[in-house]
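Visitor: Got a structure for you, written out below as structure tokens; questions coming shortly.
Every number here is computed from the coordinates shown, using simple stated rules; none is lab data. Nothing here was measured: the structure is a model prediction, and the numbers come from that model. Cβ sites come from the backbone with ideal geometry, for glycine too, and all protein chains shown count toward neighbours.
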Amino acid sequence: MQISVLGCNGSRDVGLNPTALLIGKNVLIDAGTCSEVLSNKVRSMIDHVFITHAHIDHIADLPFLAQTAFDFRKKPLNIYGIKETIDDISAHIFNGRIWPNFNEIPNTKQSKISLTNVIPLKNIRINSLNIMAIPVNHTVPTVGLLIDSGNSAFAFTSDTYKTELFWENIRDHKRLKALIIECSFPNRLEKTAKLTGHLTPNLLSKEVSKMHRTDIKIYVTHMKPIHREEIIKELKVLSKNLPLQILEDGMNIKI
């Protein structure tokens, strides 16, 4: 399974893009970034987009992906998320005011996007991937993901504070090879992390311990740009005991 990191930051800044992970050529996990780094031709090859939650840093480029589908695709762009996320996207993005309602353009039978509600803790099949949405602890309804190709699997926390259900559903997965976990704030801002539903390096260490495994490669994502250097320094201390790697925009990961 090949993962291209289009963006992996907790906000947008010069040279730093928000969250988007491209699996293979046509499955996108979150859409905080896309049009900045992919050509129209490459974007038009994306068939499926799974949105973990409706915060802007995870959906910012979704309107432009829909525009690409309208301009270049014959088949609709398939967008997946839990009901609350799909409802938010429908009500606040594709509502005919903020952005055209591509769910009804050119008409409901030939629309250029397809919105699908997924049920948490139940696998859905997208191409050769089994994807399970697992509720996590954020300020809006949010899911982490367990993505299994049949040969290997990785887990993605998305945005979360302390959580339990996520670890319960991934720790015993035999094909699990990697974890992508968020870390948005430095340790001194733990109260802010709690208030906004995020992790610090210290909290990350405690959360990872709930996995009860030492054979998993751990990639750290979603650092707020203003705190990036401070967080990295604190993560380097943890890396003496944990197999941590900082996720970077443009990185390619084979799992």
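Visitor: Once you compute Rg and the Kirkwood Rh from C-alpha atoms, what is the Rg to Rh ratio for the chain?
Guide: Working: Rg = 17.5 Å, Rh = 18.3 Å.
When Rh is taken as the Kirkwood radius, the ratio is 0.96.
Visitor: Considering the chain as a Gaussian network with a 10 Å cut-off on Cα pairs, which listed residue, G144, G197, G32, attains the greatest mean-square fluctuation?
Guide: G197
Visitor: Next question, about the same structure. Excluding residues on the same chain fewer than 8 positions from K236, give the lysines whose Cα lies under 16 Å from its Cα.
Guide: The reachable lysines, counting only those whose Cα sits under 16 Å from K236, are K206, K217.
Visitor: About its Cα centre, what dipole magnitude does the chain give when the only charges are +1 on Lys and Arg Cβ and -1 on Asp and Glu Cβ, stated in debye to the nearest 20? The partial results should precede the final answer.
Guide: Numbers: 31 positive and 25 negative charges, 115 e Å.
Charge dipole of the chain: 560 debye, to the nearest 20.
Visitor: Also: Give the angle, between 0 and 90 degrees and rounded to the nearest 10, that separates the Cα long axis of helix 62-72 from the longest principal axis of the Cα atoms of the chain.
Guide: Approximately 40 degrees, to the nearest ten.
Visitor: Considering only region 2-254, what is the antiparallel percent among its DSSP beta bridges, to the nearest 5? Walk me through the intermediate numbers first.
Guide: Working: 25 of 50 bridges.
Close to 50 percent.
Visitor: Which net charge results for the neighbourhood of L6, defined as the other residues with beta-carbon distances under 13 angstrom from its beta-carbon, given Lys and Arg at +1 and Asp and Glu at -1? Walk me through the intermediate numbers first.
Guide: Values: positive: R12, K25, R43; negative: D30, E36, D57, D61, E248, D249.
With Lys, Arg at +1 and Asp, Glu at -1, the neighbours total -3.
Visitor: For region 34-85 and region 209-223, what is the centre-to-centre distance using only Cα atoms, to the nearest Å?
Guide: 28 Å
Visitor: Using every pair of alpha-carbon atoms in region 1-87, split the distances into 10 Å bins beginning at 0 and state the percent of pairs per bin, rounded to integers.
Guide: For region 1-87, the pair-distance distribution reads 19, 55, 25, 1.
Visitor: A follow-up question, please. Can you tally the net charge around H173? Count Lys and Arg as +1, Asp and Glu as -1, for every other residue whose Cβ sits under 12 Å from the Cβ of H173. Can you show the working numbers first?
Guide: Values: positive: R171, K174, R175, K177, R213; negative: D148, E168, D172, D215.
Spelling it out: positives minus negatives among the neighbours equals +1.
Visitor: Farthest toward the dipole's positive end in the chain, which of W99, S184, P120, given Cβ charges of +1 (Lys, Arg) and -1 (Asp, Glu) about the Cα centre?
Guide: Result: P120, furthest along the dipole toward the positive end.
Visitor: Can you show me the helix-derived [θ] at 222 nm for the chain, built from DSSP H runs with n ≥ 4 at -39,500 (n - 2.57) apiece and divided by the number of residues, rounded to the nearest 500.
Guide: On the way: 8 runs with 62 residues, N = 255.
Helices in the chain give a 222 nm mean residue ellipticity of -6500 deg cm²/dmol.
Visitor: Hey, rough spin-label estimate for K41 and N130, points 7 angstrom out along Cα→Cβ, what's it come to in nanometres?
Guide: Reported label-point gap for K41 and N130 is 3.7 nm.
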